[in-house]
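See structure below.
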Amino acid sequence: MAEKYQLKSKEVWDGNMAASHALRQAQVDVVAAYPITPSTPIVQNYAQFLADGYIDGEFVMVESEHSAMSACVGAAAAGGRVATATSSQGYALMVEVLYQASGMRLPIVMTVVNRALASPLNIHGDHGDLYLGRDAGWIHLIANNPQEAYDITLCAFKIAEDQRVRLPVTTNQDGFLVSHTAQVVEPLQDEDAYKFIGEYKSLNPMLDTKNPQTYGAQTEEEWHFEFKATQHKALMESTSVIDEVFAAYEKLTGRRYSRVETYKLEDAEIALVLMGSAYETAMVAVDKAREEGIKVGLLMPRTFRPFPYNEVAEKLKNIKAIAALDRSAPMGAMGALFNEVSGALLANGQSAIMTNYIYGLGGRDTTAEHILEVIKETDKNKEAKKRVTDLQGFINLRGPKLSFN
Amino acid sequence: MLQIRWHSRAGQGAVTGAKALADVMARTGKYVQAYSVYGAEKRGAPMSAYDKIDDKPILDHSKWMKPDYVLVIDPSLVFQEEIADNTNDDTIFIVTTHMDKDDLLNIAKHLQGKKVYTIDAIKISQEEIGRAIPNTPMLGAFVKISEIIDFDEFLTSIEDILSKFPQKIIEGNLRAIKRAAQEVK
């Protein structure tokens, strides 16, 4: 039986430590991982907890991230609670198996510390890896600070393992800006955290040899489409379970999470849409802009997938000009948030003047002052009642101004 | 918001020092952020670490800051002009050096006209802890100069934070902290 960890009501943890304590408290049966910067400490802390007797489960060191996710798939199909952690290149190497995990409906939880993708090699934060996994059939949850990294990871197990969902979940936190930034975290005591997640309920476990099951079968044109449509349906309909889990978590902790987070949006005329730690930095910018009389608010999809398109449109229905900020190299298109938000508005018969900004690639610093400039540009569009700024701009990029129209 | 920037070489304990200070201040009910900025470098490369301390939750996740205090724990980095970046006339510098302040300022011209305190944190850590890990003596000097927290309360918190270490290490660190508080000038 695992030892109880002595926790204070307030700890000072970075995002990595917060995520590793959430994994420990979930009493995961199997963690298979291959450490990579900046998520290495999650795996390192977890191994330390195991060595110190705080964990009963298995910890499997493997030879690559492809193997890590493959071992997770095997352990989850066998019938256990399974988790791992990765970043960037490790995430990229896992991609093939991410699709296998979701296709087999295995409720694996992966704590992702977001980091740029090479080349050029870079260890710092952006959402390149998150966007790479966008269509992999996982639920993607976003955490903006260490407290959220802890909370959201606990919620992730309860969402993933719900028999109405049975899908893998990633919890995302920004490399270094969250993962290596120590802040005050109020953790649950071990027994309360475990009670919230609950005992793992297996479904069609392969280790039940009296009831043989097939995982990852071959289906050609006669059944593949139905499998993928069913999987998509489960992902789309996971929203009600996510809402339930967030509500239960609020009841337990007083901390409220929503699939769509907003800040000062109620009376806003313009809005910024963004995800990750910059959402909080943008709150500082919004407060400054409001002192100057600009009615601006913020919106963040807490669930990047399933994308809450109707809720996003509803929240933005009175907004006249919107800037979508993407922390990923768009490579030949507008950023994903621009496209999703534009689509969400159109699907609901709405429109707003839309612009796209790319920021923070490879850990480039994005300050409240930078975001304030974006707010002022967006306000110009609102005042002119048409787009007078560039369609796609770049925040805090060195060299000559780069933009696309 | 109080903002503190540490200058160090990787391996000298600036990150641990910044996190320990954040931990100490969080115990008094403050909100904190402690983080560092470094690349993929190895031990010995210059790096910086940061503390933000406030009465309300800290939302700004940008790395940029205008420090109220600059703590330099490596004696050679004192001579790098970057330690004065984004500082103003009120910024207080506490720097590790074996030199007299006047001799130091003759060479480190970027510190002339600034509020500078000196402490030989390397020597103190070598003599009291047995290793050149100058982070805890710097904390002692910082708490003495800033009066950010009652010194005895600080010692109690630090002793608890260090409790995972052997008794000899804890005692050495506490001696180093007290000595630094006396010797900083």
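Against the condition over 21 Å from B:ASP51 (Cβ atoms), in contact with an Asp or Glu (Cβ under 9 Å, 6 or more places away or on another chain) and loosely packed, with under 15 Cβ neighbours inside 10 Å, how does B:LYS109 come out, does it pass? Yes. When the residues of region B:1-33 are filtered to those that are outside any helix (DSSP H, G or I) and without any contact (Cβ under 8 Å) to a residue 60 or more places away in the chain, the one that is farthest from the other protein chains (Cβ to nearest Cβ) is B:GLY11. Taking region A:360-384 as the search range and keeping residues that are in contact with a helix residue (DSSP H, G or I) (Cβ under 7 Å, 6 or more places away or on another chain) and away from every other protein chain (no Cβ under 11 Å), which one is farthest from A:ASN310 (Cα to Cα)? Filtering first and then ranking leaves A:LEU372.
A:LEU325 - would you say it is surrounded by 21 or more Cβ atoms within 10 Å (Cβ to Cβ) and modelled with pLDDT of 95 or more? Steps first, answer last, please.
Working: surrounded by 21 or more Cβ atoms within 10 Å (Cβ to Cβ): yes; modelled with pLDDT of 95 or more: yes.
Considered against the rule, which asks whether it is surrounded by 21 or more Cβ atoms within 10 Å (Cβ to Cβ) and modelled with pLDDT of 95 or more, A:LEU325 comes out as yes.
Among the residues of region B:34-42, are any within 11 Å of another protein chain (Cβ to nearest Cβ), basic (Lys, Arg) and either touching a Gly at 6+ places or on another chain (Cβ under 7 Å) or surrounded by fewer than 20 Cβ atoms within 10 Å (Cβ to Cβ) (or both)? No, the conditions are met nowhere in region B:34-42.
Within region B:95-134, can you find the residues that are within 29 Å of B:PRO166 (Cα to Cα), among the β-branched types (Val, Ile, Thr), in contact with a helix residue (DSSP H, G or I) (Cβ under 8 Å, 6 or more places away or on another chain) and not in a loop (DSSP other than H, G, I, E, B)? Result: B:VAL95, B:THR96, B:ILE119, B:ILE124.
The residues of region B:121-144 that are in contact (Cβ under 8 Å) with a residue 60 or more places away in the chain and surrounded by fewer than 20 Cβ atoms within 10 Å (Cβ to Cβ) amount to a single one, B:ALA132. For region B:45-67, does any single residue satisfy the condition of being among the acidic types (Asp, Glu), part of a loop (DSSP other than H, G, I, E, B) and touching a residue at least 60 places away in the same chain (Cβ under 8 Å)? Within region B:45-67, none of the residues are among the acidic types (Asp, Glu), part of a loop (DSSP other than H, G, I, E, B) and touching a residue at least 60 places away in the same chain (Cβ under 8 Å). Out of the residues in region A:23-41 that are part of a loop (DSSP other than H, G, I, E, B) and within 14 Å of chain B (Cβ to nearest Cβ), which is nearest to B:SER36 (Cα to Cα)? Among those residues, the one meeting the criterion is A:PRO38.
For A:THR84, the criteria (1) within 14 Å of chain B (Cβ to nearest Cβ); (2) in a strand (DSSP E or B) hold in every case but one, which is (1). When A:LEU274 is tested against (1) loosely packed, with under 13 Cβ neighbours inside 10 Å; (2) outside the structural domain of A:GLU148 (by TED's automatic domain parsing); (3) of a type in the set (A, V, I, L, M), only condition (1) is not met. Listed by position, the helices (runs of 4 or more DSSP H) inside region A:125-202 whose residues that are within 14 Å of chain B (Cβ to nearest Cβ) number at least 3 are A:146-161.
The values are calculated or read from the model by the stated rules, or taken from the named source; none is laboratory data. These figures come from a predicted structure and were not determined experimentally. Positions of Cβ are backbone-derived with ideal geometry, glycine not excepted, and every protein chain shown enters the neighbour counts.
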